[in-house]
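I have placed the structure first, in the form of structure tokens, so that the comments after it can refer back to it.
The values are calculated or read from the model by the stated rules, or taken from the named source; none is laboratory data. These numbers were taken from a predicted model, which means no experiment stands behind them. Reconstructed Cβ throughout: ideal geometry from the backbone, glycine too, with neighbour counts over all protein chains shown. For the accessible areas, the whole protein counts, side chains as well, though only heavy atoms, and no ligand, DNA or RNA atoms are used. Shrake-Rupley method; radii C 1.70, N 1.55, O 1.52, S 1.80 Å.
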Amino acid sequence: MAVSPRIAIDAMGGDMGPAVMIAGMARARRKDRSLHFEVYGDEGVIGPEMAKHQPLADAVAIHHTTDAIHASEKPSQAIRRAKTTSMGLAINAVKEGHADAALSGGNTGALMAMSKLALRTMPGIDRPALAALLPTLGATDCVMLDLGANTECDAQNLVQFAVMGSAYSRTVLGIAKPRVKLLNIGTEELKGTDELKEAAALLRDADYLPLKFEGFTEGDRLSRGDLDVVVTDGFSGNIALKTAEGTARFVTDLLRRAFTSSLRSKAGFALSKPALNLLKVHLDPNNHNGAVFLGLNGLVVKSHGGANYKGVANAIGVAASMVRNDITRKIGDDLDNFRAHAFNGEAAE
């Protein structure tokens, strides 16, 4: 377990490029002086940004490349340039042991494709999944996966996602036995696809795992705080995530419009400002930034392309937490446990 996490940064990824990535690194380093970074990108652009942030003076090694993955680039095209692009080099740093985790705000499809090719999936994992934290009304956030890496999933995939999501919840949120539910169109056992029903049956029997399976949940319950991990396929998960983000923006924009509609409303805004600021913090996606590719032989974190420097710092914090808590080993142990028990040993075949 690394005491001083070393994070490989794709400085050219994200909507705003090196300026935001470097500022995010500086913010993360101010909070955690043990962090070190391997930064990949155009040194001519990175250098001047580095000079603005004293906390990074003795914590960064820059690796020059002018080649970067474009936002609209197809994964098949990106893979061909994995050895020369800032994204590919950051991932390779994890593969070669030069970094404990990689972080990029760039093209998600390309990041997944290159990560899977370079790091390969863990034994017992058919497909890696993209997981992230969602804000809730409960004491902690909720882990949701898959968020877009796999549009179609069978029962075994969903069970593997549940195991990985639970390990993530234990690591990042500190929940000893996470409450796990499958996203469905209803909570009744008879509802849903055959894949969902089969996955539910397997998870109900897996009482030896460090998780508490509680059946199905519907989309309107994701933010209520009555679950710790929600599992779904990447198609439904991505739609649910984007819908939640859009709803959050809708609420904040509606409140802003309401509070500026009249003098009386503006007075009400002044009185309500502390509560509204708390709401803004809770709904700000930058405070929940940092999606993780789980199931690989190495750690890769996806920062939202539009994240600001605070969001980048948060994503770096997620990466550092996973490194320190050895999440890859925990996932492996849980998978070995499942494979040893499920189907009376048949799942290991």
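Some notes on this structure:
The rows are residues; the columns are (1) among the hydrophobic types (A, V, I, L, M, F, W, C); (2) under 19 Å from Ser303 (Cβ atoms).
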site	(1), (2)
Asp15	no, yes
Val20	yes, yes
Val39	yes, yes
Pro48	no, no
Glu96	no, no
Asn107	no, yes
Met112	yes, yes
Leu119	yes, yes
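- In region 30-75, the residue that is nearest to Met12 (Cα to Cα) out of those that are in contact with a Phe, Trp or Tyr (Cβ under 8 Å, 6 or more places away or on another chain) and open to solvent by less than 20 Å² (accessible area, probe 1.4 Å) is Thr65.
- Within region 290-328, the set of residues being modelled with pLDDT under 90, among the polar types (S, T, N, Q) and buried (at least 24 other Cβ atoms within 10 Å of the Cβ) is empty.
- Exactly one residue among Val318, Val312 is in contact with a helix residue (DSSP H, G or I) (Cβ under 6 Å, 6 or more places away or on another chain) and within 14 Å of Asn289 (Cβ to Cβ), and that residue is Val312.
- The number of residues in region 102-117 being closer than 27 Å to Val3 by Cα and open to solvent by 30 Å² or more (accessible area, probe 1.4 Å) comes to 1.
- Remark: Ser34 falls outside the filter, which requires a residue to be over 17 Å from Ser86 (Cβ atoms), touching a strand residue (DSSP E or B) at 6+ places or on another chain (Cβ under 7 Å) and outside any strand (DSSP E or B).
- Residue within region 76-85 that is among the polar types (S, T, N, Q), part of a helix (DSSP H, G or I) and either over 24 Å from Asp32 (Cβ atoms) or open to solvent by 50 Å² or more (accessible area, probe 1.4 Å) (or both) present: yes
- Test: residue in region 231-243 that is without any contact (Cβ under 8 Å) to a residue 60 or more places away in the chain, among the aliphatic types (A, V, I, L, M), assigned to a helix (DSSP H, G or I) and surrounded by 20 or more Cβ atoms within 10 Å (Cβ to Cβ): no
- Among the residues of region 37-68, those that are within 26 Å of the chain's Cα centre (by Cα) and without any contact (Cβ under 8 Å) to a residue 24 or more places away in the chain comprise Ile62, Asp67.
- When residues in region 47-75 are screened for being in a helix (DSSP H, G or I), farther than 20 Å from Ile316 by Cα and modelled with pLDDT under 90, 1 of them pass.
- Strands (runs of 3 or more DSSP E) (entirely within region 127-198) containing at least 2 residues that are under 21 Å from Gly290 (Cβ atoms), touching a residue at least 12 places away in the same chain (Cβ under 8 Å) and open to solvent by less than 20 Å² (accessible area, probe 1.4 Å): 129-134, 142-145
- Among the residues listed as Ala93, Ala99, the single one being part of a loop (DSSP other than H, G, I, E, B), surrounded by 15 or more Cβ atoms within 10 Å (Cβ to Cβ) and in contact (Cβ under 8 Å) with a residue 60 or more places away in the chain: Ala99
- Residue in region 267-289 that is more than 24 Å from Ala129 (Cβ to Cβ), out of contact with any strand residue (DSSP E or B) (no Cβ under 8 Å at 6 or more places or on another chain), at pLDDT 85 or above and open to solvent by less than 70 Å² (accessible area, probe 1.4 Å) present: no
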